[in-house]
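Colleague: Sharing a structure with you now.
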Amino acid sequence: MPMRPRHKPRRMCVGCRTSDEKRALLRLVRTPDGVVCYDPTGKALGRGAYVCADAACIQTARKKRALARQLSAPVSDAVYDVLLALVNRLPDARESHQTGA
Ligand SMILES: [Zn+2]
């Protein structure tokens, strides 16, 4: 039977505009105060937006002001810096080879 997914929550990256559940998405939230910040819990109240845990997507979102548009609120550079610092610290498979020792 045909099912039309209407209100299924989609987590689309504001950078590359795709939704891929295999990729980790970071959630941003606009708090009731109108401040946009990173939401590590993914449960904070407020309007949310998502971006891939990928520096390229974060840079794209920054350049296009995609987050600000998505959330209808100004997004400070500090927010992007937090995201970039975060993805740079994420364990990466490419780093799995051991050096030294
Ligand atoms: Zn993306």
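We did not get these values from a lab; they are worked out from the coordinates using the rules stated. As the structure is a prediction and not an experimental result, all values here were calculated from the model. Cβ coordinates were reconstructed from backbone atoms using ideal geometry, including for glycine residues, and neighbour counts include every protein chain displayed.
Colleague: From the set of residues in region 30-71 that are without any contact (Cβ under 8 Å) to a residue 40 or more places away in the chain and aliphatic (A, V, I, L, M), which is farthest from Val87 (Cα to Cα)?
Modeller: In this case the residue turns out to be Leu45.
Colleague: May I pose another question? Would you please name the residue that is nearest to the ligand (Cβ to nearest atom), looking only at residues in region 6-63 that are over 10 Å from the mean Cα position of the chain (by Cα) and among the acidic types (Asp, Glu)?
Modeller: So, considering only residues that are over 10 Å from the mean Cα position of the chain (by Cα) and among the acidic types (Asp, Glu), the one nearest to the ligand (Cβ to nearest atom) is Asp20.
Colleague: In region 53-73, which residues are part of a loop (DSSP other than H, G, I, E, B) and of a type outside the set (Gly, Ala, Ser)?
Modeller: Once the filter is applied, which keeps residues that are part of a loop (DSSP other than H, G, I, E, B) and of a type outside the set (Gly, Ala, Ser), region 53-73 yields Asp54, Arg65.
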